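The structure appears right after this line, and notes come after that.
The values are calculated or read from the model by the stated rules, or taken from the named source; none is laboratory data. Note that the structure is a prediction, hence the values are computed from the model and not measured. In this analysis, Cβ positions are derived from the backbone assuming ideal geometry, glycine residues included, and neighbour counts consider all displayed protein chains. Just so you know, the surface numbers come from the protein's heavy atoms only, side chains and all, with ligands and any DNA or RNA stripped out. Shrake-Rupley method; radii C 1.70, N 1.55, O 1.52, S 1.80 Å.
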Amino acid sequence: MDIKHVVVLMLENRSFDSMLGMLYESDETFDGLTGEEQNVWHKPGGLRQIVPVWKSPDLTPTAACIPDPDPGELFTDIAMQINGLVADGQPNTGAPAMDGFVDNYMRQPPPDPAVDPAPDPAAPMHYFTPDQVPVLSQLARAFGVSDRWHASAPCQTWPNRFFVHTGTANGYVNNSPTHFPYSMETVFNRLQDAGQSWRVYFHDIPQSATLAKLWRDAFTHFRFFEQDFANDARNGTLPAYSFIEPRYFTDPVLKKMPNDQHPPHDVALGEALIATVYNAVRGGPGWKNTLLIVTYDEHGGCYDHVVPPAATPPGGPAPDGFAFDRFGVRVPAVIVSPYISPGSVIRPPGTTPFDHSSVIATLGKLFGFPALTPRDAAAPDLLEALAGDGSNDGPASIAVPKVAVTPEQLSRSAARAPNGMQKGLGTAAMLLPTAAANVGAHVLRLTKVPDPVPIHANVAAAAADIAAHVKAFLGGL
């Protein structure tokens with residue numbers, strides 16, 4: 001095994017069962033869906049409705065965006081999804097049964113009727129079949145899939161993305177309120193200390209840029225995906241570690257839709273991104289020495305049947321009262337490398353599942369740097385999975401799905417109110433230093449003033465504002 005490049009693509013808010021639960025028949029070798037799983041909806045008035053898992057017959061534009069509207073993903077939402085409710089509508093205090101997804105979905109605030117459909121109790125129980133997500137499924141079968149990869153915590157997006165970068169969420173369970181400056185030590189700093197290169201490739205704004213320790217030399221390390229990633233892969237100039245962030249916002253000026261797969265964003269656009277990443281890596285001279293990981297930050301309110309186990313706390317502060325001693329819901333994880341045998345189902349050697357801090361553990365073992373927190377110190381790494389002889393080249397390329405976006409779809413998506421992730425990124429953009437700023441002085445100022453809360457009328461307005469701030473952050477790049 002000779003890995004010199006690790007590439008991680010982290011998408012948004014889909015559970016393992018929703019994307020890969022039907023990849024193989026569910027048995028002791030693959031923990032997927034049987035098709036018999038269900039939740040109970042405790043309706044008003046004491047009525048109950050059984051809601052089973054289900055699939056759409058075809059991947060229509062509407063089906064590709066299920067669940068729509070967006071499920072809840074706050075810490076309290078996820079607690080209800082995991083633990084469920086009892087007959088009288090009170091929180092379950094017994095063993096969790098993963099049966100609160102429908103109840104939580106139907107208890108979300110009413111959606112905007114101008115741009116959102118009425119909530120359907122079946123929406124969070126929907127899953128895609130392999131033919132409906134062919135890129136992710138083809139890679140999983142050609143290389144490997146892990147059915148033992150959990151979100152790092154039963155929390156929203158930012159805490160889970162912090163875990164892949166820092167091995168901790170610094171005690172915060174939700175995206176907002178924001179708590180700038182985020183000054184945790186990062187895996188990127190560890191790589192630099194070990195003499196290894198890194199880059200974040202992003203589309204509109206990198207959530208990883210919320211980390212203050214990455215603000216120096218931002219121009220060197222943050223690059224636009226569409227401008228640079230394929231060229232760097234083709235030229236053999238990918239760094240030791242590449243972290244890829246999807247497009248989070250609809251941009252009606254550029255006529256671009258989000259490709260992050262965050263409900264209700266079209267999963268086919270995310271499939272196109274996955275194929276683009278794979279084709280670039282597979283076609284480059286560094287392919288034989290590359291490990292590609294495709295995973296998701298958290299489940300986003302989409303159903304999964306596996307109860308999250310206990311986790312090693314990362315230590316540090318707990319301002320929100322949670323010790324981060326439990327993992328979050330399972331998320332898809334596809335592991336791609338010539339050293340992985342086709343059709344592998346990758347599981348850790350012990351009882352601790354993979355989580356996002358396994359990326360840090362893998363990089364640390366590859367490049368020889370110490371752990372960041374007790375969590376990533378305890379995390380299983382992926383090196384044991386790379387047991388092949390390096391001859392699995394997989395498909396030479398994968399067809400990139402062509403997704404036709406109509407003007408009506410673009411307009412409707414741009415007119416939506418920003419979701420929780422997008423609201424937090426609006427604050428982050430306002431607080432990024434400009435390229436010419438004194439970073440140390442800027443960080444000090446942020447410790448003394450409250451974070452602003454930008455008011456964007458819709459996603460399009462947020463995207464335009466953020467683009468201007470990101471441009472200033474990168475010196476006009």
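Quote the charge dipole size of region 293-427 about the Cα centre in Debye, to the nearest 20; the model charges only the Cβ of Lys and Arg (+1) and of Asp and Glu (-1).
Working: 9 positive and 12 negative charges, 76 e Å.
Computed charge dipole of region 293-427: roughly 360 debye.
Counting only DSSP beta bridges with both residues in the chain, what percent are antiparallel, rounded to the nearest 5? Could you put the intermediate results ahead of the total?
Details: 16 of 40 bridges.
Here the share of antiparallel DSSP bridges comes out near 40 percent.
With a Förster radius of 41 Å, plug the Cβ-Cβ distance of residue 38 and residue 468 into 1/(1 + (r/R0)^6) and report the FRET value to the nearest 0.05. Spell out each step's value before the answer.
Details: r = 48 Å, r/R0 = 1.16.
Using R0 = 41 Å, I get an efficiency of 0.30.
So for the pair residue 341, residue 25, with labels modelled 7 Å out along Cα→Cβ, what separation do we get in nm?
Each label point is offset 7 Å from its Cα along the Cβ direction, giving 2.0 nm.
Work out the length of the dipole vector of the chain about its Cα centre, built from +1 on the beta-carbon of each Lys and Arg and -1 on the beta-carbon of each Asp and Glu, and round it to the nearest 20 debye. Present the calculation step by step, with values, prior to reporting the outcome.
On the way: 32 positive and 48 negative charges, 270 e Å.
So the magnitude is around 1300 debye.
Roughly how many debye, to the nearest 20, is the charge dipole of region 178-286 about its Cα centre, given +1 on each Lys and Arg Cβ, -1 on each Asp and Glu Cβ, and no other charges? List each step's numbers first, then the result.
On the way: 10 positive and 12 negative charges, 37 e Å.
Dipole about the Cα centre, nearest 20: 180 debye.
Can you list, bin by bin at 5 Å, the percent of alpha carbon pairs in region 402-477, starting at 0?
Values per bin, smallest distances first: 3, 15, 20, 19, 17, 12, 6, 3, 3, 1.
For region 382-426 and region 247-288, what is the separation of their Cα centres, given in Å?
Using only Cα atoms, the two centres lie 4 Å from each other.
So for region 318-477, Kirkwood radius off the Cα pairs, Stokes-Einstein at 10 °C and 1.306 mPa s: how many µm² s⁻¹?
Working: Rh = 20.6 Å.
Estimated via Stokes-Einstein, D reaches 77 µm²/s.
What is the diffusion coefficient of region 210-340 in µm²/s, taking the Kirkwood radius over Cα pairs and the Stokes-Einstein relation at 20 °C with a viscosity of 1.002 mPa s? Don't jump to the answer; show the numbers that get you there.
On the way: Rh = 17.7 Å.
Estimated diffusion coefficient is 121 µm²/s.
Accessible surface of residue 50 in the full protein assembly, 1.4 angstrom probe, to the nearest 10 Å²?
90 Å²
Hey, with R₀ at 60 Å, roughly what FRET efficiency would residue 445 and residue 402 work out to, going by the Cβ-Cβ distance, to 0.05? Write out the running numbers ahead of the final one.
On the way: r = 47 Å, r/R0 = 0.78.
Efficiency, rounded to the nearest 0.05: 0.80.
Using DSSP H assignments, which helices in the chain have an axial alpha-carbon span of 20 Å or above and a mean Kyte-Doolittle hydropathy of -1.0 or higher?
Working: long enough: 267-282 (22 Å, 1.12); 459-473 (21 Å, 1.30).
Span-like helices here: 267-282, 459-473.
In the structure shown, do any of 365/423; 4/256; 288/365; 423/471 have a Cα-Cα gap over 28 Å, and if so which? Before the final figure, lay out the partial values.
Working: 365/423 36 Å; 4/256 33 Å; 288/365 19 Å; 423/471 19 Å.
From 365/423; 4/256; 288/365; 423/471, over 28 Å: 365/423; 4/256.
When only Cα pairs under 8 Å and 6 or more residues apart are kept, what is the percent relative contact order across region 195-312? The partial results should precede the final answer.
On the way: 126 pairs, mean separation 28.5, N = 118.
Taking the mean separation of contacting Cα pairs over the length of region 195-312, I get 24 percent.
So how do 448, 55, 402 rank on accessible area, 1.4 Å probe, biggest first, that is with the largest at the start? Walk me through the intermediate numbers first.
On the way: 448 150, 55 110, 402 185 Å².
Output order, biggest surface exposure first: 402, 448, 55.
At 222 nm, what value in deg cm²/dmol follows for the chain if DSSP H runs of at least 4 each add -39500 (n - 2.57) and the sum is divided by all its residues, to the nearest 500?
Working: 15 runs with 135 residues, N = 477.
Estimated from H runs of four or more residues: -8000 deg cm²/dmol.
Among 345, 310, 378, which residue has its Cα furthest toward the positive end of the charge dipole of region 291-380, with +1 on Lys/Arg Cβ and -1 on Asp/Glu Cβ?
Ranked along the dipole, the leading option is 345.
Which is farthest toward the positive dipole end of the chain among 123, 26, 462, measuring Cα position about the Cα centre, with Cβ charges +1 (Lys, Arg) and -1 (Asp, Glu)?
Going by the charge dipole, the pick is 462.
Rg and Dmax of region 67-113, Cα atoms, in Å?
Cα-based Rg and Dmax for region 67-113 come out at 11.0, 37 Å.
Take the alpha-carbon centre of region 167-209, take the same for region 434-477, and report the distance between them in whole Å.
16 Å
Could you bin all the Cα-Cα distances of region 124-261 into 5 Å bins starting at 0 and give me the percent of pairs in each, rounded to whole numbers?
2, 8, 14, 17, 20, 19, 13, 6, 1, 0
Quick check on packing: order 91-97, 116-122 by the mean number of other C-beta atoms within 10 Å, highest mean leading. Before the final figure, lay out each step's value.
On the way: 91-97: 11.4, 116-122: 15.3.
Ranked by mean Cβ neighbours within 10 Å, highest first: 116-122, 91-97.
Which order do 155, 65 take when ranked by solvent-accessible area (1.4 Å probe, heavy atoms of all protein chains), largest first?
Putting 155, 65 in descending order of accessible area: 65, 155.
Check each of the trypsin sites (Lys or Arg not before Pro) in region 205-280 and keep only those in coil by DSSP with at most 12 other C-beta atoms within 10 angstrom; list them in order. Before the final figure, lay out the partial values.
Details: sites: 213, 216, 223, 234, 247, 255, 256; in loops: 216, 247, 255.
Sites meeting the loop and neighbour criteria: 216, 255.
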